[in-house]
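A.B. asks: To start, I am sharing the structure in question, which I have written as structure tokens.
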Amino acid sequence: MSTSSDPPPAAPPAVELEGITKRFPGVVANHDIRLTVEPGTVHAIVGENGAGKSTLMKILYGMQKPDEGEIRVNGEQVVLANPADAIKRGIGMVHQHFMLADNFTVLENIVLGAEPTRAGRLDTASARTRIRDLGDSHGLRVDPDRLVENLGVGDRQRVEILKVLYRGARVLILDEPTAVLVPQEVEELFANLRELTAQGFTVIFISHKLDEVLGIADAITVIRRGTTVARVLPAEVTARQLAELMVGSELPTPETRESTVTDRVVLDVREASVLGETGRPVLREVSFPVHAGEVVGIAGVEGNGQSELISAIMGLARLSGGQVVFEETDITGWSTRQRRQAGIGYIPEDRHREGLLLESSIWENRVLGHQGVPPARKGIWVNRKAARKDTARIVREYDVRTPSIDTLALALSGGNQQKLIVGREMSGTPKFLIAAHPTRGVDVGAQAAIWDHLRGARTAGLAVLLISADLDELIGLSDTLYVIYRGRFVARLDPSQVTPEQLGGYMTGAITEDVS
């Protein structure tokens, strides 16, 4: 018998995973994982690449079925056969790579697959009203009628969150949500998340940025090699202690101490301009040199011309004006293959679209883009034996977690895919390397290893163009730092004198500087 003085019964956990085990051929991705997420909280999940985070979230979102274990949502045991089941249970997922159609409006992207109808026709009026109400209620205001291609990265993030809220989600899984955001946008996202949890929503936050995890999470679960090893509160641990729980090592730093910059110009971009698909300039008279032993960093919010600059240097986009000069030779008219064979390495920003053949094996991906040079080539044939041997070396040196070099690339976690690409491009002994987001989606241990490889190659005379959304990485590794905004360089900065906050100001146009 209860009395008026009895406390109300505690709400059950929003999500409980008990004894989750998932096996794939040759590997156990999850083993006896236990996770409890309280309602109305931000619960972070951290772990090294290949630790099993992505598999676990796919299980919770109905994309994979566990071999063992139970899933409970709001205290009720459930079976999630597909994402539709998860959505019915109020679970939504925002993936690391935005899944938006650029040529659709915000409204069209949000309602796609869940279109409201009236008299058999799309009811855009009610959809628009509901999207505006959701935006106003949760601090996620975005104009429903704007084309997504005209949105900044922060607004695209809001659209992704609105998509899952529109479908009735009360539990939001966010996979690396700050990977492409500048500091100001991160703060705005965190304010949005606090607003959501204050209203009773639950957020599962996956990230490799431990300082951000400590700043936003109410509780943290650490996963190592497929199983849970700790559940901690942010007030109880430092970033270094959290890193040690994850990978058994201290938190790395990208700091580069001594200069190795020489007077020899390896790559010289001269007044390069590129037109977009609509005929409008997307890159405007950009000029800069990269010297042997120098890392030139380029900071910018995605969509401001970095991709077009990379494409122009690699011969993937035609210049509408200007030149690209490599080792004193004008290569503006050269093919991408010619540039690669001349000694230009390329770590692409999108590993799935440009870096890998996902349906091919790891050793075949080692050969990709390097078919014409040893060890991949012997005479006119692919040297399978030498290519496989070198792939095994990359797997060892770059700690690519895989049961076999014959494993398909799609079976690797995102971070292990990235380590494979970095190892491949660094193994080609390039003279000039484009490193576009080289540590995106990798854990602190892999991040430290990639930084060490870049620093070592720089010391040996490699010229590097670094594009990254990690501002600490840009500041720490770069010898010279440019900011690109709306297709132009708007600042040339000394990395030793600039803070991430100042850099974010230049990137968003809040701070301007004449670099003409």
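A.B. asks: What's the FRET efficiency of A230 with R318 using the Cβ-Cβ distance as r and R₀ = 45 Å, to the nearest 0.05?
C.D. replies: Values: r = 53 Å, r/R0 = 1.17.
After rounding, the FRET efficiency stands at 0.30.
A.B. asks: Please report the relative contact order for region 356-428, taking Cα pairs under 8 Å with a sequence separation of at least 6, and give it as a percent rounded to a whole number. Numbers along the way, then the final one.
C.D. replies: Numbers: 77 pairs, mean separation 28.2, N = 73.
So the answer I get is 39 percent.
A.B. asks: Place the peptides 50-57, 114-121 in order of packing, highest mean first, counting for every residue the other Cβ atoms within 10 Å and averaging per peptide.
C.D. replies: Answer by packing, highest mean first, reads 50-57, 114-121.
A.B. asks: Describe numerically, in nm with one decimal, the distance between label points set 7 Å from Cα along Cα→Cβ at L358 and at F24.
C.D. replies: Those two pseudo-labels are separated by 1.2 nm.
A.B. asks: In nm, give the distance between the simple-model label positions of E258 and T238, each being 7 Å from the Cα along the Cα-to-Cβ direction.
C.D. replies: Placing both labels 7 Å along Cα→Cβ, they lie 2.8 nm apart.
A.B. asks: Here is a further query. With each label point set 7 Å from Cα along the Cα-Cβ vector, what nm distance links A392 and Q199?
C.D. replies: Taking the simple label geometry, A392 and Q199 are separated by 5.7 nm.
A.B. asks: What's the center-to-center distance, using Cα atoms, between region 138-217 and region 382-421 in Å?
C.D. replies: 34
A.B. asks: When every alpha-carbon pair in the chain is counted, what percent end up more than 30 Å apart?
C.D. replies: Counting every Cα pair in the chain, those more than 30 Å apart make up 52 percent.
A.B. asks: What are the ³J(HN,Hα) values, in whole Hz, obtained from phi via the Karplus relation 6.51 cos²θ - 1.76 cosθ + 1.60 with θ = phi - 60°, for each residue of region 178-192 in sequence order, with x given for Gly and Pro?
C.D. replies: 9, 4, 10, 9, 7, x, 5, 6, 4, 4, 5, 4, 5, 4, 4
A.B. asks: Now for a separate question. Using the crude model of +1 on Lys and Arg Cβ and -1 on Asp and Glu Cβ, and no other charge, please compute the dipole size for the chain relative to its Cα centre, in debye to 20.
C.D. replies: I would put it at about 1820 debye.
A.B. asks: Under the rule of at least 5 residues apart or a separate chain, name every residue whose amide H is placed under 5 Å from the amide H of L283.
C.D. replies: Under 5 Å from the amide H of L283 lie the amide H atoms of V274, each far enough along the sequence or on another chain.
A.B. asks: OK, next. How large is the convex hull of the C-alpha atoms of region 87-198 per residue, in Å³?
C.D. replies: Each residue corresponds to 99 Å³ of Cα convex hull volume.
A.B. asks: Here is a further query. For a bin width of 10 Å, list the pair-distance distribution of region 320-362 built from all Cα-Cα distances, rounded to whole %.
C.D. replies: Percent of pairs per bin, in order: 23, 39, 28, 10.
A.B. asks: Just report the Cα centroid separation between region 98-118 and region 292-326, whole Å.
C.D. replies: 32
A.B. asks: Place the peptides 29-42, 170-183 in order of packing, highest mean first, counting for every residue the other Cβ atoms within 10 Å and averaging per peptide.
C.D. replies: 170-183, 29-42
A.B. asks: Give me, ordered by chain and number, the residues 5 or more places off Q96 or on other chains with an amide H under 5 Å from its own placed amide H.
C.D. replies: D175
A.B. asks: Evaluate 2.2 N^0.38 Å with N set to the residue count of region 15-247, then give the Cα radius of gyration divided by it.
C.D. replies: Normalised Rg, Cα atoms only: 1.03.
A.B. asks: Taking θ = phi - 60°, what integer Hz values does the Karplus form 6.51 cos²θ - 1.76 cosθ + 1.60 yield along region 132-138, in sequence order, with x for Gly and Pro?
C.D. replies: Residue by residue, region 132-138 yields 5, 5, 4, x, 5, 5, 10 Hz.
A.B. asks: Within region 178-272, report the GluC sites (Glu not before Pro) that DSSP leaves as loop and that have at most 14 other Cβ atoms within 10 Å.
C.D. replies: Sparse-neighbourhood loop GluC sites (Glu not before Pro): E250, E255, E258.
A.B. asks: In terms of modelled amide H atoms, which long-range or inter-chain residues lie less than 5 Å from the amide H of N383?
C.D. replies: For N383, whose amide H was placed from the backbone, the distant partners under 5 Å are R377, K378.
A.B. asks: Can you give me the Kirkwood hydrodynamic radius for region 356-428, using every pair of distinct Cα atoms, in Å to one decimal?
C.D. replies: 11.9
A.B. asks: Can you tell me the 0 to 90 degree angle between the C-alpha axis of helix 444-459 and the longest principal axis of the chain, rounded to 10?
C.D. replies: Orientation of helix 444-459: about 10 degrees from the principal axis.
A.B. asks: Compute the long axis of helix 153-166 from its Cα atoms, compare it with the longest principal axis of the Cα atoms of the chain, and write down the angle in degrees, 0 to 90, nearest 10.
C.D. replies: The answer is roughly 30 degrees.
A.B. asks: Given R₀ = 41 Å, FRET efficiency for D145-Q338 by Cβ-Cβ distance, to 0.05? Don't skip to the answer; put the middle values down first.
C.D. replies: On the way: r = 45 Å, r/R0 = 1.10.
That gives a FRET efficiency of 0.35.
A.B. asks: Next up: Would you mind checking K65/K163; K389/K431; K209/K378; K88/K419; K22/K389; K22/K378 for any pair whose Cα atoms are more than 32 angstrom apart? Show your work: numbers first, answer last.
C.D. replies: On the way: K65/K163 24 Å; K389/K431 23 Å; K209/K378 43 Å; K88/K419 37 Å; K22/K389 30 Å; K22/K378 41 Å.
Distance filter (> 32 Å) returns K209/K378; K88/K419; K22/K378.
A.B. asks: Roughly what % antiparallel, to the nearest 5, for the DSSP beta bridges in region 354-495?
C.D. replies: 60
A.B. asks: In addition: Roughly what % of DSSP beta bridges within region 15-247 run antiparallel, to the nearest 5?
C.D. replies: Among the beta bridges of region 15-247, antiparallel pairing accounts for roughly 55 percent.
We did not get these values from a lab; they are worked out from the coordinates using the rules stated. The structure displayed is predicted, hence computed values, not measured ones. Here Cβ is always computed from backbone atoms with ideal geometry, including for glycine, and neighbour counts include all displayed protein chains.
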